[in-house]
Structures are given as C-alpha cells and as structure tokens.
Amino acid sequence: MRARASFSEILGALGNFGGSRKFLGLSEILRAIYGIVVMANIRHDYSSIQEGFSMFFKNKIVVISGAGSGIGRATAIQLAQEGATIIASDIHRDNLASTAQKISEAGGRCQTYMVDSTDRDAVFDLANTVISEHGQADIVINNAGIANNARIDELDLDTFKRVMDVDFWGVVHGTQAYIPHMIARDSGHIVNISSIFGWIGVPKQAAYNSAKFAVFGFTEAVRQDMAGSRVKVSCVHPGGIDTPIARNAILPQGQDSDADREEMATRFKDMVHSTPAQAAETIVRGIKKGKARILIGRDAVMVDVIRRLFPVNYGRILKFPVE
Ligand SMILES: NC(=O)c1ccc[n+]([C@@H]2O[C@H](COP(=O)([O-])OP(=O)(O)OC[C@H]3O[C@@H](n4cnc5c(N)ncnc54)[C@H](O)[C@@H]3O)[C@@H](O)[C@H]2O)c1
C-alpha cells in the first residue's frame, strides 16, 4: 500500500526541522512523520524493484555458445551467480570444463556440451535436449566467434567461409533452433553478439565485417518478426574486450608465426577498453532491461556516434592504420 502526500507537503513538513522555531506543532510533527513514511515507502518500492531485478534470472535456463572463454565465460559466470542454470557449449573441452568449474565454485549450476555452432544438426539436437530436460529455454546467447585479419587480396575463400560459418551461420542456427519454442510459449530472449565491426568497415576485416554486419541485419529482422510478441531480441555490439580472440585469429599463411600472433595480441590489448567481466555486466543489464541494442564500452558508444555523424567518412575520423 502506498501512502500519498504532495511533494510540497513533505518538503514543507521536513523543512520545519531546520526552521528557527524550537518546538513543532502536533500537526507539523504528524506531517513530518507522514513525509518520512512516504519516503520510506518509496525506498521500499525501490529496493523491491532492485530485489525483483536480482531475482530476474532465478531458475531461468540460459544457453550460451562459446562459453569456454572470454565474454561467453564471463557472462555464464555472472548469470549463474544470479541464479540461472547455464547450458554452456563450446568446441574446446578443457576451456568449457574450466567455465563449469568456476560456476560450480561460485555455487551456480552449469551443464556443458561440446557443440560446434557451425553444425546445424548438433545445435538443433542440443535445443531438443535442453527443452526436453528442462521444459524451457529462456535466454539464448549466440556468442561463439572467431577473428580474422587479412586484406582482401590475402583472404582465401576457405577462411572467408569459416568466419561466416562461425560468426554468422552459428548465430542463425542458434536463433532458429530455439525461436519456435519461444514463439509457442510467447516468452524468451534471443541475444546475438555482433560487434562495433557490425557497423563500420575496417581494414583487413572483410570476412569478420561481413559476418558481423550480417548478424546485425539478421537480428534486426528477427526483432521485427517478433514485434507484438513477448519474445525479445537483442543485438550486442562490443567494443574492444580483453579476451584471447585476437591471439586465436585465423591469419594468412606467412603471417601466422608465434611472433606475429604475439604482436597482434599486444596491439589488440593496447586498444581494448573493457574486461570480459565488464562486458558480461553490460550484457546482463541489457537483458534485464530488454534492450534491443546493447553497446559495450565507451569505444562502442564513440563509434556509434561517429558512424552516425560521418556515415561515409568515419574511417578518416577513426584514423585506421593503413599498411
Ligand atoms: N573481444 C572483443 O574485442 C570482441 C569485440 C566485438 C565482438 N566480439 C565477439 O564476442 C564474441 C565472443 O568473443 P570473445 O572475445 O569472448 O572471444 P574468445 O576467443 O575469448 O571466445 C570465443 C569462444 O568461442 C568458441 N568458439 C569458436 N568457434 C566455435 C564454434 N564453431 N562452435 C562453438 N564455439 C566456438 C571458442 O572456443 C571460444 O571459447 C565473438 O562473437 C566475438 O566476435 C568480441
């Protein structure tokens, strides 16, 4: 039950405490108490909203691809700490096991599956397993991804296809495997990881740019498909996040020595603005708020502004290194 008092009444009553008179009249004391009760109620309402927020993921089934490292792992851990059951998939068994161990140490629940997100049948099999075992899939985070660094004349078709397979088709498979179930329940949330490279073209990123622009376009279209339903769809655009993605990038032959990788990883580290834990925090907050776009890091915010102000000449403003 909410008490009611006008703002000026409350201020008026409280203001009397600071006045020059030594004693308050009974009606003033009552009004002051009334004001304090109202404020306490507001505080109570606010803390119950916060409590509601902290209960948001309790007993939710959250599926995350690429959960063995970086953003996927950090998001899995945070969501498990907030009470979700995590269905974690990846292609690296040891990394996946280590994510599960961290979740278990934090008192959370996690099941792991070795699933290659480019394998449509395997992704659909996992969806069937999750839905038959748990009865539902509440949130699906299509996160698995790989990087590539090759100028267009050095970019071979197999590499281009591999990047599209993981970074784009993996997202499509993960969306299509779960969305019929979400539509049937009129409930659920698809969260697809694009990038700031889903907005702007960058030298040596033709394959990655193609995949991430495609994820953005695909996710936007799916969001329009779901308009009017309770199925939410979010596209995440991280700026630079300090993960091993650059070190593990597919590089052109002759540029993929340990020294090359080390140099690339060092250059990448100099550019990143956020940790995986910060990225996870932003994703978790964005999911709670049901945001259509989730931007991670001030670099993402800055790039978003620049690409809107300079839709053609953003490259000059951002001063991409040209070799
Ligand atoms: N790190 C950044 O700066 C950054 C910026 C923008 C977008 N992103 C995107 O965020 C996502 C996560 O990247 P990250 O930085 O945490 O990288 P990461 O390398 O730390 O993690 C990626 C995970 O995906 C897994 N993976 C790769 N191919 C897979 C496949 N075929 N099937 C299943 N799992 C597979 C890897 O094993 C790894 O565990 C990616 O989609 C990436 O493109 C990252």
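The values are calculated or read from the model by the stated rules, or taken from the named source; none is laboratory data. Just so we're clear, the structure is a prediction, and the values are computed from it rather than from any experiment. Virtual Cβ from ideal backbone geometry, glycine too; neighbours counted across all protein chains shown.
Looking only at the stretch 125-161, filter to residues that are part of a helix (DSSP H, G or I) and under 22 Å from the mean Cα position of the chain (by Cα); which one of those is nearest to THR175 (Cα to Cα)?
This residue is ALA127.
Got at least one residue in the stretch 250-261 being buried (at least 17 other Cβ atoms within 10 Å of the Cβ), under 21 Å from GLY66 (Cα atoms) and touching a helix residue (DSSP H, G or I) at 6+ places or on another chain (Cβ under 7 Å)?
Checking the stretch 250-261: at least one residue is buried (at least 17 other Cβ atoms within 10 Å of the Cβ), under 21 Å from GLY66 (Cα atoms) and touching a helix residue (DSSP H, G or I) at 6+ places or on another chain (Cβ under 7 Å).
Could you list, in sequence order, the residues of the stretch 272-289 that are of a type in the set (A, V, I, L, M, F, W, C), farther than 9 Å from ASP242 by Cα and either surrounded by 19 or more Cβ atoms within 10 Å (Cβ to Cβ) or free of Cβ contacts under 8 Å to residues at least 40 places away in the same chain (or both)?
Hits for the stretch 272-289 are ALA279, ALA280, ILE283, VAL284, ILE287.
Per-residue answers, yes or no, for (1) of a type in the set (D, E, K, R); (2) farther than 30 Å from ALA184 by Cβ:
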| residue | (1), (2) |
| --- | --- |
| PHE124 | no, no |
| ASN128 | no, no |
| GLU133 | yes, no |
| ILE139 | no, no |
| ASN142 | no, no |
| ASN148 | no, yes |
| LEU155 | no, yes |
| ASP167 | yes, no |
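Suppose the filter is in contact with a helix residue (DSSP H, G or I) (Cβ under 6 Å, 6 or more places away or on another chain), surrounded by fewer than 17 Cβ atoms within 10 Å (Cβ to Cβ) and either on the phi < 0 side of the Ramachandran plot or not in a helix (DSSP H, G or I) (or both); does ILE317 pass it?
Judged against the criteria, ILE317 is a match.
For the stretch 140-170, what are the residues that are farther than 20 Å from VAL62 by Cα and touching a strand residue (DSSP E or B) at 6+ places or on another chain (Cβ under 9 Å)?
Within the stretch 140-170, ILE146, ALA147, ASN148, ASN149, ALA150, LEU155, ASP156, THR159, PHE160, ARG162, VAL163 meet the criteria.
If GLU262 satisfies all but one of (1) assigned to a loop (DSSP other than H, G, I, E, B); (2) at pLDDT below 95, what's the number of the condition it fails?
(1)
Mind telling me which of the residues ARG285, ARG267 ends up being over 18 Å from ILE146 (Cα atoms), assigned to a helix (DSSP H, G or I) and of a type in the set (D, E, K, R)?
The unique qualifying residue is ARG285.
Looking at the stretch 247-280 only, could you name the residues that are among the acidic types (Asp, Glu) and within 14 Å of the ligand (Cβ to nearest atom)?
Residue satisfying the conditions is ASP270 alone.
Across the stretch 186-208, what is the number of residues that are more than 13 Å from the ligand (Cβ to nearest atom) and farther than 22 Å from GLY286 by Cα?
So the count comes out to 4.
How many residues are near the ligand (Cβ under 8 Å from one of its atoms) and of a type in the set (D, E, K, R) when one looks only at the stretch 51-98?
Within the stretch 51-98, residues that are near the ligand (Cβ under 8 Å from one of its atoms) and of a type in the set (D, E, K, R) number 2.
Only one of (1) surrounded by fewer than 23 Cβ atoms within 10 Å (Cβ to Cβ); (2) in contact (Cβ under 8 Å) with a residue 40 or more places away in the chain; (3) over 19 Å from GLY72 (Cα atoms) fails for LYS161. Which number is that?
So LYS161 meets the others, but not (2).
Looking only at the stretch 99-112, count every residue that is over 21 Å from the mean Cα position of the chain (by Cα) and within 12 Å of the ligand (Cβ to nearest atom) and tell me the total.
Going through the stretch 99-112 one residue at a time, the tally reaches 0.
Within the stretch 113-123, how many residues are more than 22 Å from the chain's Cα centre (by Cα) and surrounded by 14 or more Cβ atoms within 10 Å (Cβ to Cβ)?
Number satisfying all stated conditions: 3.
Given the conditions (1) in contact with a helix residue (DSSP H, G or I) (Cβ under 7 Å, 6 or more places away or on another chain); (2) not in a strand (DSSP E or B), report the number of the one that ILE294 does not fulfil.
It fails just one condition, (2).
Are there any pairs, at least 6 apart or on different chains, whose C-beta atoms fall under 6 Å, with the first in the stretch 76-103 and on the phi < 0 side of the Ramachandran plot and the second of a type in the set (S, T, N, Q) and modelled with pLDDT of 95 or more, and if so, which?
From residues that are on the phi < 0 side of the Ramachandran plot, the pairs are ALA76/THR99; ILE87/GLN111; ALA88/THR99; ALA88/THR112; SER89/SER65; ASN95/SER69; LEU96/THR112; ALA100/THR112.
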